[in-house]
Amino acid sequence: LFAQACDFLLGVVSMKQLPPMDLPEVAFAGRSNVGKSSLVNALTGRKTLARTSNTPGRTKELNYFRLGPHTESGEGPALYLVDLPGYGYARETKTRVEAWTDLVMSYLQGRANLQRVILLIDSRHGVKPNDREVMSLLDKAAVSYLAVLTKADKLKPSELKKVVEATAAELKKHPAAHPEVIATSSVTKEGIAELRAHITALVPD
Ligand code: GTP
Ligand code: MG
């Protein structure tokens, strides 16, 4: 699946702009600056597909990417990857943040073809209170999610191991959480093949 082409489809700013639910989809959620857009690029092997930035709050829309054969009639599986705006970023005006949050919340709770949320956690910070809020929301909506640690290159192996264990322990409290934790780095590509395999397994061929 990940050997196939991946193209930007559209940026969504309101629920009515969402594309038809004709393909399964996987969404990337997490705090601002956690590395969502970088991870989409690492997974698809495209350096500049999703826009990344040092400035938290870079991604302001639900960005849809279509992964799979180029044409509708092409053979083989396809899916949408959805790069979500981040949460927990306070510098924007409050109404703006709330508007994104409302859109993301409605999206996460009402998208029938959403196969899995990839919930990104910065390995340097571990699970934060707003991550727990999102986990509880996904538990309530019965949307299954996978915790993925980002920026693993920033930690020593022994430190990373501790964060993986603490995160796994946290997930036990959450019914919709997949039990596994994948540590990744968009820089060294650690964990990328494993995450590709996880996502590929969600798509019927
Ligand atoms: P928002 O769209 O603002 O919510 O951010 P985002 O979660 O999409 O983060 P983005 O991918 O834009 O990355 C934020 C910053 O973290 C950028 O400066 C990236 O270069 C950096 N970054 C992302 N992934 C990694 C990683 O695996 N390792 C390191 N060292 N830096 C990373
Ligand atoms: Mg982004």
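The values are calculated or read from the model by the stated rules, or taken from the named source; none is laboratory data. Treat the numbers as computed from the prediction; the structure is a model and nothing was measured. Heads up, the Cβs are rebuilt from the backbone with ideal geometry, glycines too, and the neighbour counts pull from every protein chain shown.
Brief remarks follow.
- Pairing residues of segment 19-43 that are on the phi > 0 side of the Ramachandran plot with residues that are within 10 Å of ligand 2 (Cβ to nearest atom) and part of a helix (DSSP H, G or I), at Cβ distances under 7 Å and at least 6 apart in sequence or on separate chains, gives Gly30/Lys36.
- Scanning segment 109-129 for residues that are of a type outside the set (Ser, Thr, Tyr), closer than 20 Å to Ser32 by Cβ and away from ligand 2 (no atom under 16 Å from the Cβ) turns up Arg124, His125, Gly126, Val127, Lys128, Pro129.
- Close Cβ contacts (under 7 Å, 6 or more residues apart or on different chains) running from residues in segment 168-183 that are closer than 13 Å to Gly126 by Cα to residues that are hydroxyl-bearing (Ser, Thr, Tyr) comprise Val181/Thr167; Ala183/Ser123.
- Whether a residue is assigned to a strand (DSSP E or B), at pLDDT 90 or above and of a type in the set (A, V, I, L, M) was assessed, and Ala27 passes this test.
- Any hit, segment 82-89, residues being more than 27 Å from Glu194 (Cα to Cα), within 12 Å of ligand 2 (Cβ to nearest atom), at pLDDT below 90 and not small (Gly, Ala, Ser): yes
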